[in-house]
1. Using a Förster radius of 25 Å, what is the FRET efficiency between Ala87 and Asp48 based on their Cβ-Cβ separation? Nearest 0.05, please.
2. Kirkwood Rh, segment 11-96, all Cα pairs: how many Å?
3. How far, in nm, would the chain grow between Ala67 and Asn94 when pulled straight, counting 0.36 nm per residue and subtracting the alpha carbon separation?
Amino acid sequence: MHSCNPSTKLFSESEISEALDLLHSSLDKPDGFEQVVDCVAAWQDLIDSSDSALRPLLECLDDDEPAVILGALRVVNALIHKAPDEARAFRIKNELSGISTLKYQVTIFHRKKKIC
C-alpha cells in the first residue's frame, strides 16, 4: 500500500500512479486546470486534511514508490506551467516554497526536463 495517505490507505501504489497520470493528462483539456484542482480538493477532503490545498500531492512526494513520486512531480510541475494566470501559478509556487525538499525537487525536475 502507498504512503500518500497514511490515514486511510484506500489505494494501492498502482492506483495512485494511475490517478496521478490521469490528473496530468487532464491538464491538456480546455478546462483541465480547474478539473485537476477540483479533483485534488476532493482528494484532500477524502484524507480529511485542512492544512494545504496540495496536501495529497505533497504526501505523494514522500511515498516509497518512485513512480508515485514522479507522478506527483509531473502534476505539480504541470499545474504551475498550465495555470491560467500568473496569480494562480504564484499561489501554487507559494504553497511549495515552505517545503524545502519539495522546492529542491521541483527546481531540479523543472531544470532537467519540463514534463507537461
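Nothing in this text is a laboratory measurement; each read-out follows from the coordinates by a stated rule. Note that the coordinates shown come from a computational prediction; the quantities given were computed from them, not determined experimentally. No Cβ is skipped: glycine too gets one built from the backbone with ideal geometry, and neighbour counts run over all protein chains shown.
1. 0.35
2. On the way: mean 1/r = 0.0776 Å⁻¹.
Value: 12.9 Å, from the Cα pair sum.
3. Numbers: separation 27, 0.36 × 27 = 9.72 nm, distance 2.49 nm.
Length gained, Ala67 through Asn94: 7.2 nm.
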